[in-house]
Amino acid sequence: MNLQSSGEKLPYLGRHYLLKVHRETVVHVSLTFYQNRFIAAAPLNWSQEQVQEALKDQFIQWYRQQADSRGLTVWGCIVSVIAGQLL
């Protein structure tokens, strides 16, 4: 997965949702899921590699939070598999 670019589709609950990346005057990368799409804000002065690595970390963290909020312990294995696909 090339998490640095808008248009990438990310898996969630059996479907794939569009990723929209905005380069903004922010200090760190953030990722949200809003209106059936993933929206990321990334610092203007970061390289593509920095953005991709930070987005990968944010996506994994977000996925784990969703699993925890649903009480799904099986997600640990699934997140590991998805994390491997993000490398």
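Here are some notes:
- The residues of the stretch 39-71 that are in contact with a helix residue (DSSP H, G or I) (Cβ under 8 Å, 6 or more places away or on another chain) and closer than 15 Å to Lys9 by Cα, listed by number, are Ala40, Lys56, Phe59, Ile60, Tyr63.
- Matching residues, the stretch 28-84, being modelled with pLDDT under 90 and among the small types (Gly, Ala, Ser): Ala67, Ser69, Gly71, Gly76, Ser80, Ala83, Gly84
- Tabulated pairs, the stretch 1-27, first modelled with pLDDT under 80, second surrounded by fewer than 11 Cβ atoms within 10 Å (Cβ to Cβ), C-beta under 9 angstrom, 6+ apart or interchain: Met1/Gln85; Met1/Leu87; Gln4/Glu49
The values are calculated or read from the model by the stated rules, or taken from the named source; none is laboratory data. Computed from a prediction, not measured in an experiment: that's the story for all the values here. Methodologically, a virtual Cβ is constructed for each residue, glycine included, from the backbone with ideal geometry; neighbour enumeration extends over all protein chains shown.
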